Amino acid sequence: MSTHTFLKDCSTMPDASNMRFGLVAAEWNSHLTNVLLEQAVSALLATGAKEEHIIIKRVPGSFELIFGCSELAKHSSVDAIIAIGSVIRGDTPHFDYICNGVTNELARQNTMGDIPVIYGLLTTENERQAIERIDGTVGRKGEEFAMTAIKMIDFSWSLKK
C-alpha cells in the first residue's frame, strides 16, 4: 500500500482521537521492526490519535511479544495493542517454534482478553520478502496494523453503545 493510498483511506477511517494504543515491538531484526513501528505510529497520528495516547514498549525478540502484550494489557489503559515483530526462516526449526508459539498465544490473548491484540508479526522466508512487506512492493504492513487496530477499537466500542 503506498502512502498515497493510505492517506486516501484515512478519510474513511474512524476517528482515533480518543483511542489509546499500546505498541510492543521486538528488538530482533530491528532494521525491519523499527520501520514497522514508525509506519504504525505515523498512521495512528494521521488518523487523529494523540501522541500522548500511544505507548511504545520494546522486548528483545518476537517470542517475548507474548509477555509484553499480556503485561501491557494488564498494566496500561489502552484500547488495543499492536504486536510488532519479524521472524525470517533460517536453517533450523527455530522459525516454526517461534512463529507457532507467538501466533497461538496472541490469538488466545485476542479472544480471551478485553481488548484487541493486533498480530503484527512478519513471518517470511527471507529478508527480501520482509522488506517488500514494508516498502510498498507488497504492502506497508505497519500502516495496515494501525488501521486494523483503529477498526477493531471502533468495532469493540460499537458493541458497548
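The values are calculated or read from the model by the stated rules, or taken from the named source; none is laboratory data. For clarity, every value in this text was computed on a predicted model and none was experimentally measured. Every residue, glycine among them, receives a Cβ derived from its backbone with ideal geometry; neighbour counts consider all protein chains shown. Side chains included, ligands, DNA and RNA excluded: accessible areas come from the protein's heavy atoms. Shrake-Rupley method; radii C 1.70, N 1.55, O 1.52, S 1.80 Å.
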Just to verify a result, which residue in the stretch 22-80, among those that are aromatic (Phe, Trp, Tyr) and under 19 Å from residue 104 (Cα atoms), is least open to solvent (accessible area, probe 1.4 Å)?
63
Is the stretch 143-160 home to any residue that is without any contact (Cβ under 8 Å) to a residue 40 or more places away in the chain, in contact with a helix residue (DSSP H, G or I) (Cβ under 9 Å, 6 or more places away or on another chain), open to solvent by less than 70 Å² (accessible area, probe 1.4 Å) and of a type outside the set (Asp, Glu)?
no
Would you confirm, using the coordinates I've provided, whether residue 83 is surrounded by 14 or more Cβ atoms within 10 Å (Cβ to Cβ), closer than 14 Å to residue 26 by Cα and small (Gly, Ala, Ser)?
yes
Quick one: in the stretch 88-126, of everything that is in contact with a helix residue (DSSP H, G or I) (Cβ under 6 Å, 6 or more places away or on another chain) and of a type in the set (Gly, Ala, Ser), which residue is least open to solvent (accessible area, probe 1.4 Å)?
120
Helices (runs of 4 or more DSSP H) fully within the stretch 1-85 counting 1 or more residues that are closer than 24 Å to residue 135 by Cα and at pLDDT 95 or above
30-46, 65-75
Find the residue count for the stretch 71-121, including only residues that are under 23 Å from residue 159 (Cβ atoms), touching a residue at least 40 places away in the same chain (Cβ under 8 Å) and not aliphatic (A, V, I, L, M).
7
